[in-house]
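**Student:** Before anything else, here's the structure in question.
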Amino acid sequence: MRSFRRLYALPIVAALCLLGVAFAAMWWREGREMLDSASKVTMPAIGGPFTLTATDGSKVTDQTYRGKIELIYFGYTYCPDACPTALNEIAGALAALGPSAERVQPLFITIDPARDTRKVLADYVRAFDPRIVGLTGTPDEIAAAANAYRVYYAPYKSADAPDGYLMDHTSIVYVMNEQGRFVASFTHETTADQMAERLRKLIAKTS
Amino acid sequence: MRKMFVLAAFFLLTGVSLAAAQTSGIEVQKAWARATPGGAKTAAVYLTLINKGNAPDRLVSVSTPAAGMADVHTTVTENGVMKMRPTGPLEVKPGTPTVFKPGGYHIMLMDLKGPLVAGQKIALSLTFEKAGKMDVTATVEKAGAMGPGAMPGMKM
């Protein structure tokens, strides 16, 4: 009995050690991936159904641009700084992408529908890039879209501001893949080149 | 005798203060604005302020014939939420330039008299607590500009 143990003990221990190391390695790698996806999983689900009106009067929903990578930014035309900055970066990213830009659809959704009528929006987005689609709607429709994207927006009373208010709002560019799933985000501080780089990777994934 | 001494000291101090005020100069560099997208009622002017004196100064007001109102605002981002807030009188410290740029400090023009067109020059009057009134000319860049004299689409 004793000799049996001594003969097989070492290889068994060695085998167990190897298995242990193998499991640890797999766990480590999977663990990292799990951690990576966990950080995405812990975020609330971004995106959802919406029905809005484009500047040409047509109805646009969350399904309209399936098959394209959507860049969705919520803002308002009375915003002199952050919104033009974000839209500039988006326009720059489209330019940097060249022909691949046709796989991308930028949307600018107003959180100030009272002032941002179809005409106002049309004039506004055109200045940045003709490919950007401006979307407006009734306050309820806007609220539904903003809700789906977890976008916070609220008027900030300012005596000097036109009509007495500015808008505080979430300033994030949401990147939705061709299936309409949220895959990445930019801020108004992300540069055009950084956006283009990220978009190239996304486009390459599905090509 | 005492009264004269006090009076003299008073005048001396005033003179010295006045002299000191004159050495606190502000230099304004690279004033620029973006062309406004059609129909926009607000615009932003950016510039760099350099306090050449040795005491902090404050920008207390701005005016321009191009707009009914002009105020310094700053863009603050908290948890992804962008908020634009008036700064009130803005301190300009000596040494480090105070830079107004997209996403940060900007002079917000409200009640625009007309659209800002690329190539246009806008006259602004900046009033500082110590340095007094300064006239500045801002150049309007394209709507896609991220900096003065920059081409659209380029990083700053």
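The values are calculated or read from the model by the stated rules, or taken from the named source; none is laboratory data. Since we're looking at a predicted model, the values are computed, not measured. Neighbour counts are summed over all protein chains in view; Cβ atoms, including those assigned to glycine, are modelled from backbone coordinates with ideal geometry.
Let's see how each residue does on (1) basic (K, R); (2) touching a Pro at 6+ places or on another chain (Cβ under 6 Å); (3) on the phi < 0 side of the Ramachandran plot:
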{"position": "B:P65", "(1), (2), (3)": "no, no, yes"}
{"position": "B:A70", "(1), (2), (3)": "no, no, yes"}
{"position": "B:P89", "(1), (2), (3)": "no, no, yes"}
{"position": "B:K93", "(1), (2), (3)": "yes, yes, yes"}
{"position": "B:M108", "(1), (2), (3)": "no, yes, yes"}
{"position": "B:K121", "(1), (2), (3)": "yes, no, yes"}
{"position": "B:F128", "(1), (2), (3)": "no, no, yes"}
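**Student:** Scan segment B:99-141 for residues that are more than 21 Å from A:L87 (Cβ to Cβ), under 10 Å from the mean Cα position of the chain (by Cα) and crowded, with 16+ Cβ neighbours inside 10 Å and jot them down.
**Tutor:** B:L124, B:L126, B:F128, B:M134, B:V136, listed by residue number.
**Student:** Moving on to the next point. Sort through A:D81, A:D56, A:D62 and tell me the only one that's among the acidic types (D, E), modelled with pLDDT of 75 or more and under 30 Å from B:Y105 (Cβ atoms).
**Tutor:** That would be A:D81, the only listed residue that is among the acidic types (D, E), modelled with pLDDT of 75 or more and under 30 Å from B:Y105 (Cβ atoms).
**Student:** Tell me yes or no: at least one residue of segment A:58-68 is closer than 13 Å to A:V175 by Cα, touching a residue at least 24 places away in the same chain (Cβ under 8 Å) and within 14 Å of chain B (Cβ to nearest Cβ).
**Tutor:** no
**Student:** Let me ask another. Would you mention how many residues in segment A:124-176 are assigned to a helix (DSSP H, G or I), more than 8 Å from chain B (Cβ to nearest Cβ), out of contact with any Ser or Thr (no Cβ under 8 Å at 6 or more places or on another chain) and of a type in the set (D, E, K, R)?
**Tutor:** Final tally of qualifying residues: 2.
**Student:** Among the residues of segment A:152-185 satisfying the criterion of being under 18 Å from A:K201 (Cβ atoms) and among the aromatic types (F, W, Y), which is nearest to the chain's Cα centre (by Cα)?
**Tutor:** Out of the qualifying residues, it is A:Y174.
**Student:** Could you figure out which of (1) more than 18 Å from A:P80 (Cβ to Cβ); (2) buried (at least 20 other Cβ atoms within 10 Å of the Cβ); (3) more than 10 Å from the chain's Cα centre (by Cα) isn't true of B:G25?
**Tutor:** Failed condition: (2).
**Student:** Do you know which residues across segment A:88-123 are of a type in the set (D, E, K, R) and more than 11 Å from every other protein chain (Cβ to nearest Cβ)?
**Tutor:** Within segment A:88-123, A:E102, A:R103, A:D112, A:R118 meet the criteria.
**Student:** Residues in segment B:121-141: is at least one within 30 Å of A:A196 (Cα to Cα) and either at the interface with chain A (Cβ under 10 Å from one of its Cβ atoms) or in a loop (DSSP other than H, G, I, E, B) (or both)?
**Tutor:** The answer is no, given that none of the residues of segment B:121-141 is within 30 Å of A:A196 (Cα to Cα) and either at the interface with chain A (Cβ under 10 Å from one of its Cβ atoms) or in a loop (DSSP other than H, G, I, E, B) (or both).
**Student:** Next up: How many residues does segment B:88-98 hold that are without any contact (Cβ under 8 Å) to a residue 40 or more places away in the chain and either acidic (D, E) or surrounded by 14 or more Cβ atoms within 10 Å (Cβ to Cβ) (or both)?
**Tutor:** Residues meeting the conditions: 2.
**Student:** Does at least one position in segment A:25-39 carry a residue that is modelled with pLDDT of 75 or more and either in a helix (DSSP H, G or I) or more than 17 Å from A:T136 (Cα to Cα) (or both)?
**Tutor:** no
**Student:** Condition check: under 21 Å from A:P80 (Cα atoms) and in a helix (DSSP H, G or I). Does A:D193 satisfy that?
**Tutor:** Taking the combined requirement at face value, the residue does not satisfy it.
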